[in-house]
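All remarks here apply to the structure that follows.
The values are calculated or read from the model by the stated rules, or taken from the named source; none is laboratory data. Just so you know, these numbers come straight off a predicted model, no measurement behind them. With ideal geometry, Cβ positions are generated from the backbone for all residues, glycine too; neighbour counts draw on all protein chains shown.
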Amino acid sequence: MVDQVKESILQFAPFQSAVDEGFWHRLSSLKLNKLGIDEAPIPITGFFAPCSHHQVSNHLTLLAESLPPESSEQSSTPAISRGNRNRCPVPGILYNTNTLEGFHALDKQSLLRAEAKKIWEDINSGKVEEDSSVLLRFLVISFADLKKWSFHYWFAFPALIFDPPATVVDLKPAAQWFSLEEAESLKAACNDWRNMCSTTDVPFFLVSIASNSAVTIRHLADFEACQRDGHKVLFGFYDPCHLPNNPGWPLRNLLSFIFKRFGNQKVQFLCYRENRGFADLELSLVGEAAISNSQEWINNQNMPNAVGWELNNRGRKVSRCISLAKTMDPTRLATAAADLNLKLMRWRALPSLNLNVLSSTRCLLLGAGTLGCQVARMLMAWGVRKITLLDSGKVSMSNPLRQSLYTLDDCLNGGELKATAAVRSLSRIFPAVEAEAVIMAIPMPGHPATSQEENSVLEDCKHLHDLIDSHDAIFLLTDTRESRWLPSLLCANANKVTITAALGFDSFLVMRHGAGPMNPSHEIKVQKDLPAEIETLSIKDELRQRLGCYFCNDVVAPIDSTSNRTLDQQCTVTRPGLAPIASSLAVELLVGILHHPSGIFAKAEFANSIEASSSEQPLGILPHQVRGSLSQFSQMLLVGHASSSCTACSSIVVSEYRKRGLEFILEAINHPTYLEDITGLTELKKSAGSFELDWDDEDDDDEFLEI
Amino acid sequence: MCFQYVMMNLYEAQHHGEEHFYDFHVVYSASYKVPVLYFRAYCSDGQPLVLDEIEKDIPVNSAQLLARSKWTFITQEEHPKLNRPWYTLHPCGTSEWMKLLLCKEDAVPVAQCKIIPVEKYLVSWFSVVGQVFSLKIPFEMLLDNSLLLHHNIQ
């Protein structure tokens with residue numbers, strides 16, 4: 001009887017792959033620890049479940065458990081683990097190559113044929129009736145780039161093809177095909193099948209309908225028995241697909257099996273789909289397929305052709321690639337954790353925390369000793385990433401105890417250069433830090449240079465000038481007063497945020513330098529229409545508001561403080577607790593400046609001032625100077641305004657530097673009284689006691705200054 | 001307790017048909033003594049989504065709520081069993097708002113509130129945190145505790 005109606009080709013929804021991140025983690029670990037360069041194929045297990053949502057198909061999933069266990073002993077348990085109702089195990093094979101070229105060079109045609117052949121052989125040998133999941137055998141090729149943490153992969157779901165293709169006679173929701181009684185019975189039978197451990201992971205089955213509408217679910221092997229009983233039989237399978245007009249991929253090989261094994265030319269099938277763990281007969285489909293191949297196909301021992309390479313998300317027949325660097329690369333993990341930590345601070349306590357400004361502020365640390373090491377660590381904790389350390393010294397045996405970036409190894413063989421060792425240490429703590437080392441001594445007044453040294457001294461000055469220009473915040477953390485002079489001058493000239501920390505035996509000073517003298521103050525800047533003369537005139541007024549630098553409070557220019565001093569005055573001996581305290585305050589002060597709307601121009605703030613109480617500054621007040629005493633366990637907040645006679649930041653000195661540059665520096669270095677002369681300090685000392693200073697002088701204990 | 005939820009990014013769905021997959025785990029935090037919602041998101045090929053992309057998926061209301069709220073916000077923590085970073089709804093506020101939820105009668109001091117069965121606690125807890133992702137518990141589950149026994153609670 002010739003069929004008058006032209007039937008349409010049965011179109012199957014392709015299987016979709018899903019690889020859990022855990023699979024790649026385990027594969028990476030397997031590759032690194034066990035496999036090495038061995039490229040032998042690895043047997044793996046995939047998992048799938050029937051569709052459980054009417055809008056979304058289920059996938060064939062690879063999990064960490066899909067790979068064989070790493071244990072060296074050959075275990076007696078079979079390679080395929082028993083699944084559960086949500087995880088139907090399916091055998092597969094993985095070809096993982098050692099190179100990307102190797103990956104692309106794999107002969108995909110023959111690999112697919114090899115797996116299809118296994119399915120064909122399982123159909124012929126009767127293995128399918130024992131374990132029907134072999135009909136879903138799959139293949140994966142991959143390349144794991146363990147340096148970049150990227151994974152290339154490609155799935156194939158081999159399906160034996162009919163030529164001519166099978167056609168669909170009928171396809172409708174199961175609820176429309178079964179009678180009401182049959183439907184109830186079917187639902188109950190399916191639920192039993194799904195609830196029992198022994199059958200829940202068996203993806204192919206028979207739906208046997210008795211004449212009294214009682215439905216039972218049976219194993220594929222029972223087909224002939226069902227036929228003898230005279231029952232109506234549908235071939236059922238777990239269908240991962242959700243589409244209303246297409247059965248899922250598993251039906252392909254099932255049809256091949258049925259046709260080869262039993263010779264049926266018309267096959268009725270049930271695409272079993274669920275909702276919330278129960279059979280969903282609206283979503284599930286019942287259909288009838290017509291296979292028009294001749295008897296030859298059944299008798300032929302040659303394998304039919306196979307298809308099955310998966311298309312990527314854009315529908316192209318190419319491999320896929322994903323990057324897991326963010327969750328596998330330790331450096332990225334550390335960076336993400338650090339960032340999240342800071343964000344947590346912002347969410348919980350400090351919504352106005354500006355993480356961008358912190359991570360982009362370039363900090364220059366002059367000195368990599370007790371203060372330098374601590375400041376560097378604290379800066380990193382605040383999210384500062386760009387840190388330059390300058391120091392000419394080497395790590396000595398006593399250093400590691402107090403200088404927190406060094407260990408004993410750095411002291412050996414004469415000692416590492418401090419700046420280099422510090423940078424290495426910072427990178428070990430936090431790999432994403434951008435730390436640089438500068439090996440250089442800071443030229444100091446009162447330490448005259450010989451004519452041979454002159455050139456290198458001038459070079460160092462130039463270098464320091466350039467360093468200060470190329471950074472946003474400078475920390476003066478050296479161990480002598482005079483070494484702070486040149487940096488203070490250069491910072492005042494460049495108007496850079498500058499923080500000084502200085503230690504006595506049991507006392508410390510932490511302060512921020514005021515703005516440089518050559519820039520109009522913040523308030524004056526706002527008045528744009530002021531003529532130039534008024535601007536220069538008001539510099540004197542502006543001085544009143546400009547905060548002082550480290551040297552403003554001195555009446556003595558910086559000179560050689562190290563010679564003619566006793567040992568304990570030459571090298572700074574301090575109580576160990578002091579440096580961490582001072583360093584921490586120095587960094588907190590910087591963070592305060594960076595968050596203050598006036599920045600370097602911010603006025604000195606005190607705890608009980610009007611400004612503080614009305615302040616929107618969630619970080620709190622921003623003092624000018626903090627002087628602390630360990631012997632008293634006390635701390636004072638002071639302010640010192642800029643001195644017009646300051647040897648480092650007064651407009652006289654800065655303009656001399658601007659006019660004469662390095663020549664001026666050299667003169668200051670070589671002639672001890674030069675600075676005092678030009679700033680008028682010499683005059684000042686002569687007429688001590690007989691002039692009015694327009695400073696805001698607070699309680700200034702001299703003992704804090706002798707450092 | 002683990003379940004997988006597929007989130008269709010509606011914007012993307014209209015323009016690119018891209019599906020985003022979300023896995024949710026409920027893990028007990030020994031230090032905070034409350035359940036914590038762990039989640040991660042990825043595309044169909046397994047490529048994980050970053051927080052910015054996730055924030056585009058969650059309903060606008062909850063995005064705003066998360067930005068403002070002091071009760072909960074998204075952080076990244078190491079998953080205690082899988083040892084990989086997952087996103088979580090930070091649990092520091094959980095015990096506070098659970099108290100508000102469960103002990104409604106002002107006259108009754110918190111200490112005297114009845115011992116709540118685990119299932120009821122979890123369902124109540126979930127009715128709040130689920131809102132971030134517009135996850136809804138079927139009404140029947142709120143009434144019938146026995147339905148919860150279907151899931152493996154680890």
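Among the residues of region A:348-396, write down those that are in contact with a His (Cβ under 8 Å, 6 or more places away or on another chain) and either part of a loop (DSSP other than H, G, I, E, B) or within 14 Å of chain B (Cβ to nearest Cβ) (or both). Of everything in region A:348-396, those that are in contact with a His (Cβ under 8 Å, 6 or more places away or on another chain) and either part of a loop (DSSP other than H, G, I, E, B) or within 14 Å of chain B (Cβ to nearest Cβ) (or both) turn out to be A:S352, A:L353, A:N354. Of the residues in region A:549-557, at least one is at pLDDT 50 or above and touching a strand residue (DSSP E or B) at 6+ places or on another chain (Cβ under 6 Å).
Based on what the data block shows, is B:L89 at pLDDT 80 or above and either at the interface with another protein chain (Cβ under 10 Å from one of its Cβ atoms) or surrounded by 13 or more Cβ atoms within 10 Å (Cβ to Cβ) (or both)? Considered against the rule, which asks whether it is at pLDDT 80 or above and either at the interface with another protein chain (Cβ under 10 Å from one of its Cβ atoms) or surrounded by 13 or more Cβ atoms within 10 Å (Cβ to Cβ) (or both), B:L89 comes out as yes. Against the conditions (1) surrounded by 15 or more Cβ atoms within 10 Å (Cβ to Cβ); (2) over 16 Å from A:F205 (Cα atoms), A:N302 satisfies every one except (1). Taking region A:178-202 as the range and being touching a residue at least 60 places away in the same chain (Cβ under 8 Å), in a helix (DSSP H, G or I) and surrounded by fewer than 17 Cβ atoms within 10 Å (Cβ to Cβ) as the test, the residues that pass are A:N191, A:N195. For region A:20-63, enumerate the residues that are polar (S, T, N, Q) and facing chain B (nearest Cβ under 10 Å). Of everything in region A:20-63, those that are polar (S, T, N, Q) and facing chain B (nearest Cβ under 10 Å) turn out to be A:S52, A:Q55, A:S57, A:N58, A:T61. Being out of contact with any Pro (no Cβ under 6 Å at 6 or more places or on another chain) and either within 20 Å of A:E130 (Cβ to Cβ) or among the basic types (K, R) (or both) is a condition met by no residue of region A:164-171. When region A:362-389 is limited to residues that are aliphatic (A, V, I, L, M) and touching an Asp or Glu at 6+ places or on another chain (Cβ under 9 Å), the one that is farthest from A:D409 (Cα to Cα) turns out to be A:L364.
Put simply, of A:L390, A:L364, A:L358 the only residue that is buried (at least 24 other Cβ atoms within 10 Å of the Cβ) and under 26 Å from the mean Cα position of the chain (by Cα) is A:L364.
Filtering region A:203-241 down to residues that are of a type in the set (F, W, Y) and within 23 Å of A:F47 (Cα to Cα), which residue is surrounded by the fewest Cβ atoms within 10 Å (Cβ to Cβ)? Ranking the qualifying residues of region A:203-241, first place goes to A:F235. Selection within region B:18-44: residues that are surrounded by 16 or more Cβ atoms within 10 Å (Cβ to Cβ) and over 14 Å from the mean Cα position of the chain (by Cα). The member of this set that is nearest to the other protein chains (Cβ to nearest Cβ) is B:S44. Return the residues of region B:47-86 that are more than 12 Å from every other protein chain (Cβ to nearest Cβ), at pLDDT below 80 and part of a loop (DSSP other than H, G, I, E, B); say none if nothing qualifies. Answer for region B:47-86, where residues must be more than 12 Å from every other protein chain (Cβ to nearest Cβ), at pLDDT below 80 and part of a loop (DSSP other than H, G, I, E, B): B:I58, B:P59. Pairs are defined by a Cβ separation below 7 Å, a sequence spacing of at least 6 or placement on different chains, a first member in region A:223-239 that is modelled with pLDDT of 95 or more, and a second member that is in a loop (DSSP other than H, G, I, E, B) and among the small types (G, A, S); the pairs so defined are A:Y238/A:A49.
Considering A:S615, A:S644, A:S584, A:S598, the condition of being among the polar types (S, T, N, Q), at pLDDT below 90, closer than 30 Å to A:Q374 by Cβ and out of contact with any Cys (no Cβ under 6 Å at 6 or more places or on another chain) is satisfied by A:S615 alone. Enumerate the pairs (first residue in region A:104-130 and small (G, A, S); second residue anywhere and surrounded by 14 or more Cβ atoms within 10 Å (Cβ to Cβ) and at pLDDT below 95) with beta-carbon separation below 7 Å, excluding pairs fewer than 6 apart on the same chain, so at least 6 apart or on different chains. Here the result reads A:A116/A:L160; A:A116/A:M303; A:A116/A:A306, each pair linking region A:104-130 to a residue that is surrounded by 14 or more Cβ atoms within 10 Å (Cβ to Cβ) and at pLDDT below 95.
Matching residues to (1) in contact with a strand residue (DSSP E or B) (Cβ under 7 Å, 6 or more places away or on another chain); (2) modelled with pLDDT of 95 or more:
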{"site": "A:L255", "(1), (2)": "yes, no"}
{"site": "A:I258", "(1), (2)": "yes, no"}
{"site": "A:K266", "(1), (2)": "yes, no"}
{"site": "A:C271", "(1), (2)": "yes, yes"}
{"site": "A:N275", "(1), (2)": "no, no"}
{"site": "A:E282", "(1), (2)": "yes, no"}
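Just so you know, in region A:335-347 the residues that are buried (at least 17 other Cβ atoms within 10 Å of the Cβ) and within 10 Å of chain B (Cβ to nearest Cβ) include one that is farthest from A:L27 (Cα to Cα), and it is A:W347.
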